[in-house]
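*Asks:* I'd like to ask you about the structure that follows.
Every number in this text was worked out from the coordinates using simple rules, so none of it is lab data. Note that the coordinates shown come from a computational prediction; the quantities given were computed from them, not determined experimentally. Cβ coordinates were reconstructed from backbone atoms using ideal geometry, including for glycine residues, and neighbour counts include every protein chain displayed.
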Amino acid sequence: MNLLFNIGGLFQNSALVDTRTHRNLYKFSFGYHMVKKKNNKPRSNSSARWLQRQSNDVYVKRARAEGLRSRAAFKIEQLDQRDKIFRPGQIVLDLGAAPGGWCEYIVKKTGSTGNIVAIDILEMRPIAGVSIIQGDMSDQAIWKQILDLISDGRVDVVVSDMSPSLSGIKDRDEAQHQELIDIATRIAIKTLRKNGIFAVKLFESAQRKAYMDSMKPFFRSIGIRKPDASRAESKEIYMVAKGFIDDNG
Ligand SMILES: C[S@@+](CC[C@H](N)C(=O)[O-])C[C@H]1O[C@@H](n2cnc3c(N)ncnc32)[C@H](O)[C@@H]1O
């Protein structure tokens, strides 16, 4: 900081200094200060913890070794091992699919006769056997694109790993995530065929019980899962709802 004040003092004593120069110097000083801070104290505690966790994480290592797109692939594999979600020939909607870890797993399980439609706001590299739609699930035009890709408008499985970009403001993050859960639920209820399966990421929150109660009339069985690959410190959990009670006709 002393160094910054000294540089500032030097410029302030100069006849060449005008208002604009002062503004630039302020920006420069601020930038310099940030660089120094970055070098001396490289990262905040939370990002250092995140990096440490990533490098020690057994699922990150396995995903790299197996050339998978994300460690999330192990979550869907573990949900499937527990709940027997996927079978050859199924039609599956994968909501919030990027970068594609779940899709890579699902496409192997549903085989060449299956049909997967993957949707995400973010761009996703192609995967053989997967139709990718880039768009926001809250946009009705995206729903139309999805329905256009499904021959009779019915699917066997809807999975959603959608999560918002977290702001750190608890109420706001929970509200945004609940909105994504509601969107996934609406499309599941609209498209699932009789006995279909819906697996959705939830967060431990005050709304969780009320939401699950609201799902009971639609499914024969509902379970909450915390796969081993889901970090213990994360509040995410998954609801797996099976045996859709078809009101779709
Ligand atoms: C945890 S990531 C999904 C990881 C994915 N299951 C995998 O295996 O690679 C959550 C995703 O939800 C997506 N997402 C969030 N809001 C969305 C929305 N409104 N519509 C579509 N995708 C959304 C994000 O862009 C992000 O890619």
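*Asks:* Would you mind classifying segment 69-244 by shape? Square roots of the alpha carbon gyration tensor eigenvalues, ordered a ≥ b ≥ c; an a/c under 1.5 is rounded, otherwise it is prolate if a/b is larger than b/c and oblate if not. Before the final figure, lay out each step's value.
*Replies:* Working: a/c = 1.31, a/b = 1.24, b/c = 1.05.
Judged from the Cα gyration tensor, segment 69-244 comes out rounded (a/c under 1.5).
*Asks:* Please sort 126-136, 73-83, 173-183 by packing, taking for each peptide the average over its residues of neighbouring beta carbons within 10 angstrom, highest first.
*Replies:* Per-residue Cβ counts within 10 Å, averaged per peptide and sorted highest first, yield 73-83, 173-183, 126-136.
*Asks:* In a shell of Cβ-Cβ distance under 13 Å around ALA128, excluding ALA128 itself, what net charge do Lys and Arg (+1) and Asp and Glu (-1) give? Mind showing how you got there, number by number?
*Replies:* Values: positive: LYS108, ARG125; negative: GLU104.
Local net charge: +1.
*Asks:* Rank by packing, highest mean first: peptides 196-202, 103-109, with packing defined as the count of other Cβ atoms within 10 Å averaged across residues.
*Replies:* 196-202, 103-109
*Asks:* Over 31 Å between Cα atoms, which of LYS61/LYS109; LYS170/LYS194; LYS190/LYS235; LYS144/LYS242; LYS84/LYS170; LYS108/LYS209 qualify?
*Replies:* LYS170/LYS194; LYS84/LYS170; LYS108/LYS209
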